[in-house]
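J.: Shown below is the structure under consideration.
The values are calculated or read from the model by the stated rules, or taken from the named source; none is laboratory data. Note that the structure is a prediction, hence the values are computed from the model and not measured. Positions of Cβ are backbone-derived with ideal geometry, glycine not excepted, and every protein chain shown enters the neighbour counts.
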Amino acid sequence: MTARTLRGVLALAAAAAALACQRETRRFRESPPAATSETAVAMSELVPGPKTRDLPIRNPYERNAYAVSEGERLFNAYNCSGCHSHGGGGIGPALMDDQWIYGSDPENIFSTIVEGRPNGMPTFRGKIPNYQVWQIVAYVRSLSGLLPKDIAPARDDHMVAGPEPQRTEALRPKHAFTPSAADHP
Amino acid sequence: MSQSVRFWWSGRAGVAALLLVAGISGCSGGGGARAEQRRPVGDTAVTAAPPAPSGPRATIPAEASAPEDGQWTRPARDYASTRYSALDQINAGNVAELRVAATFSTGVLRGQEAAPIVVNNTMYVITPFPNFVYALDLTQPGLPVKWTYKPKPMAAAQGVACCDVVNRGVVYADGKIILNTLDNHTIAVDAVTGHELWRTRVGDINLGESLTMAPLVVKDKVLVGNSGGEFGVRGWLTALDLNTGKLAWRAWGTGPDKDVLIGPRFHPFYAKDRGTDLGVSSWPGDMWKIGGAGAWGWISYDPALNLVYYGTSNPGPWNPAQRPGDNKWSITLFARDPETGEAVWAYQITPHDLHDYDGINESILLDVPWHGQTRHVLLRPERNGYLYMIDRGTGEVLYANPFGYINSTTGVDLRTGRLQYAADKEPELGKVVRDICPAAPGVKDWQPSSFSPRTGYLYIPHQNLCMDVESVEASYVAGTPFVGMNVKMKAGPGGHRGELTAWDPVAGKPAWVIKEDLPVWSGTVATGGDLVFYGTMDGWFKAIDARSGRELWRFKTGSGIIGQPVTYRGPDGKQYVAVLSGVGGWSGGIVAGDLDARDSSAALGFVNAMKDLRARSTKGGTLYVFALP
């Protein structure tokens, strides 16, 4: 083996290790995308005048399996599951399908949790730390297969209710801004 | 659609043949129904039951009956809650001619559970949230709208409605229409003009409270109870002054005796229900403050005894390990003085609930020949699967016999009044307990029965469902669900999910049973024409022979039926039958709420049993009125 080949192998190994670290890492100090303001979230697809350039907000937890599993735990602990079940919905709408009343991007979901929505979604402003909201956001997106398969939760420890996020078919989100109070809680 | 009728005397071969037929056509859909004789659980005797009892039969107490004026002024029609009308123009001989006379769109596409009310040639219809009330002119062709009242409830209230944003009806009294809104307002509007007379806020969505029940007016009191057994509310029944809307009294469902309005007049029949402050001591710590026991169901009234009867909801959370004790006064039948609210007796039907067997079902007040004397009783087809016949003066249980398949309990000890649990069906933290029957909605949920004095039968619409459960720790966050149970429901024995049982109160057992593929989530109405009307969740509205259960007529409405049918005499002297069509409710949430059937636990596990509903019904909200040509 030449030194050159060895260097290449080592570089590859280092890159793999780095990626794996991100997937598995557990932070002691949380620095999620809290710096980006959720007030910049648009609630409409209709933008008057020339297009402005949106800077997409990245939720680093979507690359971290531990954070997503934390999101799953918190989803139950804060009673999200009381209304949305295991993604199929009930009192609140389903989260595992391709219909997104208030948007499917991480910042949309963050905003929905923090601000609440008029037809029954409570506002959790000041009740859940921001980093936990971002963890929940990552888990919510995993329910419809929007997270990489190696990040999404696999079989959970409870009674099997439906396909686990890791095996959920990835659904292309469709924005369905349906304001009718009577139709969509 | 083939339909076969079998009675006890047809013997085992007949039943076996029928089961074979049922097996072959089991999933044929289209609302196929089969009537057959059905043996109560645990009863091994094969006894003859004639199609209509010729011997002594149950009667409606005169003082609790309604005048036969062709009207329908409250959802249960009379104080005895019989939902019986003596109108007989439509009968077995001509019902096949029944056709649509008018329709009306309610403009709301959620579960339509209300009964249309008919008074002074006007029909009053309330919709699910946002709780529009329409007054329809019955004197004009096409039933034009006289007025519309929009109470404009808070949209956020939809987030605390456990099982669709339903409303079960308005009530007419003293020139007023009284309604409840989902966001906890009780409102009186002028029946002629639709103008608001008073509006009282009785609850708080931020405590998880909502209103879905139909109020009852007794004398000058409007009786209202809260929903929220899945949100850790503290339940109550409240009386408001009919003229002003001011709060007259509130009887809490849990807590110290002074809050529950238990005082010197309180004399429960059974020792288990006697003691001081049981509404506190039967709970761990302060759990009674978030212990449920709402009053979201039906209220009956006996003017002779001057007592109202109603039952309370499940305790919270569902996970029973978080609330050791009897959890009084959840799932308790109360008899109260309507003027003061004082409790006169109480009977806890299901102590320390394990499976969400709310006690909110209707009490039908009847006089029944029993062991040589006439007993003044109430009949309660309970969610736990037993039909209780209870002395309405004392609270003594005369019998508690199964009217569906039960394996979660083994019976009711009539000496102590205590329900006997089956140990192997008790939920355990982190363990999946399978095949618990009945499931959480019980053998029967809110959907009200009717009674015909002509046949002496009670016509009970109900389910045949079982479930798997896994209890998990529930965290209390005010205004959010407080359940702690993963649930998966499925069809019960036989594979059909619904039944309509004709119950003989004197014999204490079913006379016949109609099997329905889907849960029968609509009410029933019994008429002097010896017909019983009910609807199915795939939209069929049916008339059956009140004596035999034979189907005589059916009509396919636009959406599934979960409403309460009524019958009335129009200004033209003709008899009409009316019902709201529009699927939803707990059972129909998969359609009304666009739920995802891949998650079996959706809608508290009901979705698992209803995965085919989306192919069989779409959302709707339409009033149908039927008449003979």
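Yes/no matrix, rows are residues, columns are (1) more than 14 Å from every other protein chain (Cβ to nearest Cβ); (2) out of contact with any strand residue (DSSP E or B) (no Cβ under 6 Å at 6 or more places or on another chain); (3) surrounded by fewer than 24 Cβ atoms within 10 Å (Cβ to Cβ); (4) at pLDDT below 95:
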| position | (1), (2), (3), (4) |
| --- | --- |
| B:520 | yes, no, no, no |
| B:527 | yes, no, no, no |
| B:531 | yes, no, no, no |
| B:550 | yes, yes, yes, no |
| B:555 | yes, no, yes, no |
| B:561 | yes, no, no, no |
| B:565 | yes, no, no, no |
| B:585 | no, no, no, no |
| B:590 | no, yes, no, no |
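J.: Any chance segment B:272-280 includes a residue that's surrounded by fewer than 23 Cβ atoms within 10 Å (Cβ to Cβ) and either touching an Asp or Glu at 6+ places or on another chain (Cβ under 6 Å) or under 26 Å from residue B:118 (Cβ atoms) (or both)?
T.: yes
J.: For segment A:142-170, how many residues meet the condition of being over 18 Å from residue A:85 (Cβ atoms) and touching a helix residue (DSSP H, G or I) at 6+ places or on another chain (Cβ under 7 Å)?
T.: Within segment A:142-170, residues that are over 18 Å from residue A:85 (Cβ atoms) and touching a helix residue (DSSP H, G or I) at 6+ places or on another chain (Cβ under 7 Å) number 5.
J.: Taking the residues in segment B:414-455 that are touching a Ser or Thr at 6+ places or on another chain (Cβ under 8 Å) and of a type in the set (Gly, Ala, Ser) as candidates, determine which candidate is nearest to residue B:357 (Cα to Cα).
T.: B:422
J.: Here is a list: B:361, B:407. Which entry is of a type outside the set (Ser, Thr, Tyr) and surrounded by fewer than 22 Cβ atoms within 10 Å (Cβ to Cβ)?
T.: Numbers: B:361 fails: surrounded by fewer than 22 Cβ atoms within 10 Å (Cβ to Cβ).
Being of a type outside the set (Ser, Thr, Tyr) and surrounded by fewer than 22 Cβ atoms within 10 Å (Cβ to Cβ) holds for just one of B:361, B:407, which is B:407.
J.: Residue B:146 - would you say it is of a type in the set (Lys, Arg) and within 22 Å of residue B:298 (Cα to Cα)?
T.: Numbers: of a type in the set (Lys, Arg): yes; within 22 Å of residue B:298 (Cα to Cα): no.
In short, no.
J.: Taking the conditions exactly as written (within 14 Å of another protein chain (Cβ to nearest Cβ), at pLDDT 95 or above, surrounded by 24 or more Cβ atoms within 10 Å (Cβ to Cβ) and under 22 Å from residue A:154 (Cβ atoms)), does residue A:82 satisfy them or not? Please lay out each step first, then the result.
T.: Working: within 14 Å of another protein chain (Cβ to nearest Cβ): yes; at pLDDT 95 or above: yes; surrounded by 24 or more Cβ atoms within 10 Å (Cβ to Cβ): yes; under 22 Å from residue A:154 (Cβ atoms): no.
No.
J.: Scan segment B:111-128 for residues that are out of contact with any Ser or Thr (no Cβ under 8 Å at 6 or more places or on another chain) and within 14 Å of another protein chain (Cβ to nearest Cβ) and jot them down.
T.: Across segment B:111-128, the qualifying residues are B:111, B:126, B:128.
J.: Something else: Name the pairs whose Cβ atoms lie under 6 Å apart, with the first residue in segment B:602-629 and farther than 30 Å from residue B:138 by Cβ, the second surrounded by fewer than 19 Cβ atoms within 10 Å (Cβ to Cβ), and 6 or more positions between them or separate chains?
T.: Final answer for the pair search is B:607/B:597; B:609/B:490; B:611/B:597.
J.: Quick one: in segment A:150-171, of everything that is in contact with a strand residue (DSSP E or B) (Cβ under 7 Å, 6 or more places away or on another chain) and without any contact (Cβ under 8 Å) to a residue 60 or more places away in the chain, which residue is farthest from the other protein chains (Cβ to nearest Cβ)? Write out each step before concluding.
T.: To start, the set of residues in segment A:150-171 that are in contact with a strand residue (DSSP E or B) (Cβ under 7 Å, 6 or more places away or on another chain) comprises A:158-159, A:161.
Retained after the next criterion (residues that are without any contact (Cβ under 8 Å) to a residue 60 or more places away in the chain): A:158-159.
Numbers: A:158: 6, A:159: 4 Å.
Restricting to residues being in contact with a strand residue (DSSP E or B) (Cβ under 7 Å, 6 or more places away or on another chain) and without any contact (Cβ under 8 Å) to a residue 60 or more places away in the chain, the top hit is A:158.
J.: Looking at (1) part of a strand (DSSP E or B); (2) crowded, with 24+ Cβ neighbours inside 10 Å, which is the one condition that is false for residue B:439?
T.: Single failed check for residue B:439: (1).
J.: Let me ask something else about it. Assess whether residue B:182 counts as being modelled with pLDDT of 95 or more and within 14 Å of another protein chain (Cβ to nearest Cβ).
T.: Values: modelled with pLDDT of 95 or more: yes; within 14 Å of another protein chain (Cβ to nearest Cβ): yes.
So residue B:182 passes the test.
J.: Determine whether segment B:154-162 contains at least one residue that is away from every other protein chain (no Cβ under 14 Å) and aliphatic (A, V, I, L, M).
T.: Start the filter on segment B:154-162 by keeping residues that are away from every other protein chain (no Cβ under 14 Å), which leaves none.
Within segment B:154-162, not a single residue is away from every other protein chain (no Cβ under 14 Å) and aliphatic (A, V, I, L, M).
J.: Exactly one of (1) in contact with a Phe, Trp or Tyr (Cβ under 6 Å, 6 or more places away or on another chain); (2) crowded, with 23+ Cβ neighbours inside 10 Å is unmet by residue B:214. Its number?
T.: Checking residue B:214 against (1) in contact with a Phe, Trp or Tyr (Cβ under 6 Å, 6 or more places away or on another chain); (2) crowded, with 23+ Cβ neighbours inside 10 Å, the one that fails is (1).
J.: Name the residues in segment B:85-110 that are in contact with a Phe, Trp or Tyr (Cβ under 9 Å, 6 or more places away or on another chain) and either within 14 Å of another protein chain (Cβ to nearest Cβ) or modelled with pLDDT under 95 (or both), would you? Quick ask: steps written out before the conclusion?
T.: Within segment B:85-110, the first condition is being in contact with a Phe, Trp or Tyr (Cβ under 9 Å, 6 or more places away or on another chain), and the residues that meet it are B:85, B:87, B:90, B:95-104, B:106-108, B:110.
Selection gives B:106, B:107, B:108, B:110.
J.: Does residue B:609 satisfy the criteria of being surrounded by fewer than 24 Cβ atoms within 10 Å (Cβ to Cβ) and aliphatic (A, V, I, L, M)? Break it down into steps so the answer makes sense when it comes.
T.: Values: surrounded by fewer than 24 Cβ atoms within 10 Å (Cβ to Cβ): no; aliphatic (A, V, I, L, M): yes.
Taking the combined requirement at face value, the residue does not satisfy it.
J.: Of all residues in segment A:112-125, which are buried (at least 20 other Cβ atoms within 10 Å of the Cβ) and not in a loop (DSSP other than H, G, I, E, B)?
T.: Initially, segment A:112-125 is screened for residues buried (at least 20 other Cβ atoms within 10 Å of the Cβ), giving A:112-113, A:117, A:119-122.
Matches in segment A:112-125: A:112, A:113, A:117, A:121.
J.: Just to check your reading of the model, which residue among B:444, B:431 is within 14 Å of another protein chain (Cβ to nearest Cβ), of a type in the set (Lys, Arg) and either over 30 Å from residue B:274 (Cβ atoms) or in contact with an Asp or Glu (Cβ under 8 Å, 6 or more places away or on another chain) (or both)?
T.: Details: B:444 fails: within 14 Å of another protein chain (Cβ to nearest Cβ).
Of the residues listed, the single one that is within 14 Å of another protein chain (Cβ to nearest Cβ), of a type in the set (Lys, Arg) and either over 30 Å from residue B:274 (Cβ atoms) or in contact with an Asp or Glu (Cβ under 8 Å, 6 or more places away or on another chain) (or both) is B:431.
Let's see how each residue does on (1) modelled with pLDDT under 80; (2) under 22 Å from residue B:549 (Cβ atoms); (3) in a strand (DSSP E or B):
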position	(1), (2), (3)
B:39	yes, yes, no
B:46	yes, yes, no
B:49	yes, yes, no
B:56	no, yes, no
B:66	no, no, no
B:75	no, no, no
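J.: Give the residues of segment B:184-208 that are under 24 Å from the mean Cα position of the chain (by Cα), in contact (Cβ under 8 Å) with a residue 60 or more places away in the chain and in a loop (DSSP other than H, G, I, E, B), sorted by residue number.
T.: If the condition is that a residue be under 24 Å from the mean Cα position of the chain (by Cα), in contact (Cβ under 8 Å) with a residue 60 or more places away in the chain and in a loop (DSSP other than H, G, I, E, B), then B:208 is the only one that fits.
J.: Applying the selection to segment A:103-149, what residues are free of Cβ contacts under 8 Å to residues at least 24 places away in the same chain and under 14 Å from the mean Cα position of the chain (by Cα)?
T.: Hits for segment A:103-149 are A:112, A:133, A:149.
J.: Would you tally the residues in segment B:146-171 being free of Cβ contacts under 8 Å to residues at least 40 places away in the same chain and over 16 Å from residue B:196 (Cβ atoms)?
T.: Number satisfying all stated conditions: 2.
J.: Let me ask something additional. In segment B:448-504, what count of residues is obtained for those that are assigned to a loop (DSSP other than H, G, I, E, B), within 14 Å of another protein chain (Cβ to nearest Cβ) and either touching a strand residue (DSSP E or B) at 6+ places or on another chain (Cβ under 7 Å) or among the charged types (D, E, K, R) (or both)?
T.: Applying the first criterion (assigned to a loop (DSSP other than H, G, I, E, B)) to segment B:448-504 yields B:448-449, B:453-456, B:464, B:472-484, B:492-497.
Those still in the list that are within 14 Å of another protein chain (Cβ to nearest Cβ) too: B:472-484.
Then keep just the ones that are either touching a strand residue (DSSP E or B) at 6+ places or on another chain (Cβ under 7 Å) or among the charged types (D, E, K, R) (or both); that gives B:472-473, B:484.
So the answer is 3.
J.: Whether any residue in segment A:88-111 is assigned to a helix (DSSP H, G or I), at the interface with chain B (Cβ under 7 Å from one of its Cβ atoms) and at pLDDT 95 or above is what I want to check. Break it down stepwise before answering.
T.: Our first condition is that a residue be assigned to a helix (DSSP H, G or I); within segment A:88-111, this holds for A:106-111.
Narrowing the set further to residues that are at the interface with chain B (Cβ under 7 Å from one of its Cβ atoms) leaves none.
No: segment A:88-111 contains no residue that is assigned to a helix (DSSP H, G or I), at the interface with chain B (Cβ under 7 Å from one of its Cβ atoms) and at pLDDT 95 or above.
J.: Which of the residues that make up segment B:440-457 are aliphatic (A, V, I, L, M) and in contact with a Lys or Arg (Cβ under 8 Å, 6 or more places away or on another chain)?
T.: So the first thing to find is which residues in segment B:440-457 are aliphatic (A, V, I, L, M), and the list is B:440, B:443.
If the condition is that a residue be aliphatic (A, V, I, L, M) and in contact with a Lys or Arg (Cβ under 8 Å, 6 or more places away or on another chain), then B:443 is the only one that fits.
J.: Answer yes if at least one residue in segment B:239-248 is touching a residue at least 40 places away in the same chain (Cβ under 8 Å) and in contact with a helix residue (DSSP H, G or I) (Cβ under 6 Å, 6 or more places away or on another chain), and no otherwise.
T.: No, segment B:239-248 has no match at all.
J.: Looking at (1) in a loop (DSSP other than H, G, I, E, B); (2) touching a residue at least 40 places away in the same chain (Cβ under 8 Å), can you tell me which one residue B:125 breaks?
T.: Evaluating residue B:125 over (1) in a loop (DSSP other than H, G, I, E, B); (2) touching a residue at least 40 places away in the same chain (Cβ under 8 Å) leaves (1) as the failure.
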